[in-house]
Amino acid sequence: MSAPSSKPTVTEREARQVAEAAREQDWRKPSFAKELFLGRFRLDLIHPHPLPPAEDSRRGEEFLAKLRVFCETQIDAARIEREARIPDEVISGLKEIGALGMKIDTKYGGLGLTQVYYNKALALAGSACPAVGVLLSAHQSIGVPQPLKLFGTDEQKAEFLPRCARTAISAFLLTEPDVGSDPARLATSAVPDGDSYVLDGVKLWTTNGVIADLLVVMARVPKSEGHKGGITAFVVETDSPGITVENRNAFMGLRGIENGVTRFHQVRVPAANRIGPEGAGLKIALTTLNTGRLSLPASCVAAGKWCLKIAREWSAAREQWGRPIAEHEAVGAKISFIAATTFALEAVLDLSSQMADEDRNDIRIEGALAKLFSSEMGWLMADELVQIRGGRGFETAESLAARGEKAVPAEQVLRDLRINRIFEGSTEIMHLLIAREAVDAHLKVAGDLIDPDKSLQDKAKAGANAGVFYAKWLPKLVAGTGQLPGTYGEFRHGIDLSRHLRYVERNARKLARSTFYAMSRWQGRMETKQGFLGRIVDIGAELFAMSAVCVRAELLRTQGDHGREAYQLADAFCEQSRIRVEELFGRLWTNTDDIDHKVVKGVMGGAYTWLEEGIVDPSGEGPWIADASDGPSKVENVHRTIN
């Protein structure tokens, strides 16, 4: 039975409606970040810093010790970079120590690690080789285990989770050659046929897809009698007839990852393999990513720690003008930035992860902020390390070793980290996603006022509700505890961190006032002001990070574990962050957004093509987007199985 071959055609409004329908609509638990965007600094939600139970820590530390030995003795990162492939024996070794089942419950044969220790393990493995970290993360954070844990039936868990815990590698397939962050245009189809579905379509950038045994596939079920239809999630066996991995993709970084193009032609999938009801696929994907996104901050924390180590060692060994380069202010500022930011990224990651483990808070915004902030800052830290290393930073580790110097892969780390600003939601998409959640309270009470499809009666009702909400909310944004000098005094121990928390409180209210003013000014056009929304979100990310570092520093002080040094790092980060926050607030209203829009129209209209003259374009021939029409594969299957 063949599926429709034409791609869905959707309007901008329809695309937004699909994305909106996939959102979690309700807030059943408190959210520190949501409150922050509303101008309410709920320090009580994150302080005292939550801690894992002793037994969870014991099991986590036990596995980390085993994983460290494996990483130090079995992983040759230089070989993986050189051959652009993780050796089969390394993957088999990871299976043997249980690394595939870190997040899977022990009753299914997994290790049952907490989110905190899972991320510590990813950071450790990723420091040995980023491609190994990605392999483990793609398998467990977004592959089969996580959506089944959240939405699978008992039968599905019993059938697939034991395999995922020990032997079966999994992958997540959503993106298509012509579909990225706009899933409304998803073309892969799943046509009901008896007690099965028949899949047809092509998926792009399938991390782990080249070696996967099990796939989570998002496909569109056509609406018909007895079938609600819509984008739906399925567990698919990779050895099913009709599946072809048509290409193993190569990238500027993460050269060892098994990422490919997968074609489905008349692939029969049992209805029992459907995850959740028809039409719930996007909601399942987004919910999975709420905690799944925390794997990327883990890789950024690992990179930051390594950047700091190399910066410290190199800056002590390298002399310029009679002094180690660390003693020169221009270099010292970069080292300070790397140290303070690494402390901040670990604070944000550990706090968000522990909150996920406790399950007392809704962390959908915290997880997204952690991903956004860490990916941007991780890239900056790696770039600063390359600058500190100078010409050696641009030189490959292999070349350095060939001429007798320490093989420091600084340029590789820069290349490897670059994808984090794109993976699992680009920075631009994360800005929009977080902004939507940040203004959710406003849209709930006043959204009908700016909805063109609502009746005058609905608008009148919304106006009345909005009047009640804002009459209570707006006065609370005028003054707060951040204006009282003695507030948060428990964060004053030699170094005064309480002033930074007062700054966060004051600026959370300022952020909420700015958002309200913008909504009043632009109303229905607010969603088009992506530059403004991006800055609002970036301010929120900085305020969240400042809160996290202060809470973490106080935790370490009470534990007697480098408390004085932690306070120093927290103080340095907050001072650096405050400068960025002030700049972002200034750019809310003083920016080049309007002139940029005019220039873009000129560029796209061909007004500046003369500026492109005088060069040779080295690009090859071919379409901008590969043809992904349904049909049988015409190339060799490059899928391989790791035994």
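Kindly indicate whether any position in region 270-290 is at pLDDT 95 or above, among the charged types (D, E, K, R), open to solvent by 10 Å² or more (accessible area, probe 1.4 Å) and within 27 Å of the chain's Cα centre (by Cα).
yes
Residue check: is E319 modelled with pLDDT under 95 and either surrounded by 20 or more Cβ atoms within 10 Å (Cβ to Cβ) or not hydrophobic (A, V, I, L, M, F, W, C) (or both)?
Working: modelled with pLDDT under 95: yes; either surrounded by 20 or more Cβ atoms within 10 Å (Cβ to Cβ) or not hydrophobic (A, V, I, L, M, F, W, C) (or both): yes.
Answer is yes for this residue.
Can you name the condition, by its number, that K7 falls short on among (1) over 25 Å from the mean Cα position of the chain (by Cα); (2) modelled with pLDDT of 95 or more; (3) among the charged types (D, E, K, R)?
(2)
Could you tell me which numbered condition N247 fails, if it satisfies all but one of (1) within 25 Å of A184 (Cβ to Cβ); (2) in a strand (DSSP E or B); (3) open to solvent by 30 Å² or more (accessible area, probe 1.4 Å)?
In the conditions (1) within 25 Å of A184 (Cβ to Cβ); (2) in a strand (DSSP E or B); (3) open to solvent by 30 Å² or more (accessible area, probe 1.4 Å), N247 misses (1) alone.
Among the residues of region 43-80, how many are open to solvent by 60 Å² or more (accessible area, probe 1.4 Å), more than 24 Å from the chain's Cα centre (by Cα) and under 30 Å from F544 (Cα atoms)?
Qualifying residue count, region 43-80: 8.
Just one of A438, A464 is open to solvent by less than 40 Å² (accessible area, probe 1.4 Å) and hydrophobic (A, V, I, L, M, F, W, C); which is it?
Values: A464 fails: open to solvent by less than 40 Å² (accessible area, probe 1.4 Å).
After applying the criteria, what remains is A438.
Going by what's in this entry, would A471 be described as of a type in the set (A, V, I, L, M, F, W, C) and out of contact with any helix residue (DSSP H, G or I) (no Cβ under 7 Å at 6 or more places or on another chain)? Break it down stepwise before answering.
Numbers: of a type in the set (A, V, I, L, M, F, W, C): yes; out of contact with any helix residue (DSSP H, G or I) (no Cβ under 7 Å at 6 or more places or on another chain): yes.
Taking the combined requirement at face value, the residue satisfies it.
Would you tally the residues in region 356-394 being over 17 Å from L286 (Cα atoms), at pLDDT 95 or above and in contact with a Lys or Arg (Cβ under 7 Å, 6 or more places away or on another chain)?
Of the residues in region 356-394, 6 are over 17 Å from L286 (Cα atoms), at pLDDT 95 or above and in contact with a Lys or Arg (Cβ under 7 Å, 6 or more places away or on another chain).
Can you tell me which of (1) open to solvent by 10 Å² or more (accessible area, probe 1.4 Å); (2) over 25 Å from the mean Cα position of the chain (by Cα); (3) not acidic (D, E) is the one G201 doesn't meet?
(1)
Looking only at region 299-310, decide whether some residue is under 20 Å from K203 (Cα atoms), in contact (Cβ under 8 Å) with a residue 40 or more places away in the chain, buried (at least 20 other Cβ atoms within 10 Å of the Cβ) and of a type in the set (S, T, N, Q).
Initial filter on region 299-310 (under 20 Å from K203 (Cα atoms)): none.
So far as region 299-310 goes, no, none of its residues is under 20 Å from K203 (Cα atoms), in contact (Cβ under 8 Å) with a residue 40 or more places away in the chain, buried (at least 20 other Cβ atoms within 10 Å of the Cβ) and of a type in the set (S, T, N, Q).
For region 124-169, how many residues are farther than 21 Å from I75 by Cα and not aromatic (F, W, Y)?
Going residue by residue through region 124-169, those that are farther than 21 Å from I75 by Cα are 141-164.
In the following step, the residues that additionally are not aromatic (F, W, Y) were identified as 141-150, 152-159, 161-164.
Looking only at that region, the number is 22.
Among the residues of region 494-547, write down those that are small (G, A, S), in contact (Cβ under 8 Å) with a residue 12 or more places away in the chain and either open to solvent by 20 Å² or more (accessible area, probe 1.4 Å) or farther than 17 Å from Y567 by Cα (or both).
G494, A508, A512, S514, A518, G524, G531, G534, G540, A541
Got at least one residue in region 554-567 being touching a Phe, Trp or Tyr at 6+ places or on another chain (Cβ under 9 Å), of a type in the set (A, V, I, L, M, F, W, C), in contact (Cβ under 8 Å) with a residue 40 or more places away in the chain and open to solvent by less than 100 Å² (accessible area, probe 1.4 Å)?
yes
Just one of I595, I615 is open to solvent by 80 Å² or more (accessible area, probe 1.4 Å), out of contact with any His (no Cβ under 8 Å at 6 or more places or on another chain), hydrophobic (A, V, I, L, M, F, W, C) and closer than 23 Å to R535 by Cα; which is it? It would help to see each step written out before you state the result.
Numbers: I615 fails: closer than 23 Å to R535 by Cα.
On inspection, the qualifying residue turns out to be I595.
Which numbered condition trips up K459, out of (1) surrounded by 13 or more Cβ atoms within 10 Å (Cβ to Cβ); (2) free of Cβ contacts under 8 Å to residues at least 12 places away in the same chain; (3) assigned to a loop (DSSP other than H, G, I, E, B)?
(3)
In region 172-198, which residues are small (G, A, S) and open to solvent by less than 20 Å² (accessible area, probe 1.4 Å)? Can you show your working first?
Of all residues in region 172-198, those small (G, A, S) come to 180-181, 184, 187, 189-190, 194, 196.
Across region 172-198, the qualifying residues are A184, S189, A190, S196.
Among the residues that make up region 484-493, is at least one of them free of Cβ contacts under 8 Å to residues at least 24 places away in the same chain and closer than 30 Å to L449 by Cα?
First, the residues of region 484-493 that are free of Cβ contacts under 8 Å to residues at least 24 places away in the same chain: 484-487, 489, 492.
The next check asks that each one be closer than 30 Å to L449 by Cα; those that pass are none.
No: region 484-493 contains no residue that is free of Cβ contacts under 8 Å to residues at least 24 places away in the same chain and closer than 30 Å to L449 by Cα.
Filter region 477-489 for residues that are under 33 Å from the mean Cα position of the chain (by Cα) and assigned to a helix (DSSP H, G or I) and give the result.
L477, T481, G482
The values are calculated or read from the model by the stated rules, or taken from the named source; none is laboratory data. Values in this document were obtained by computation on a predicted structure and should not be read as measured data. When we count neighbours, we look across all protein chains shown, and the Cβ atoms used for this are built from the backbone with ideal geometry, even at glycine. SASA here: full protein model, heavy atoms, side chains in, ligands and nucleic acids out. Shrake-Rupley method; radii C 1.70, N 1.55, O 1.52, S 1.80 Å.
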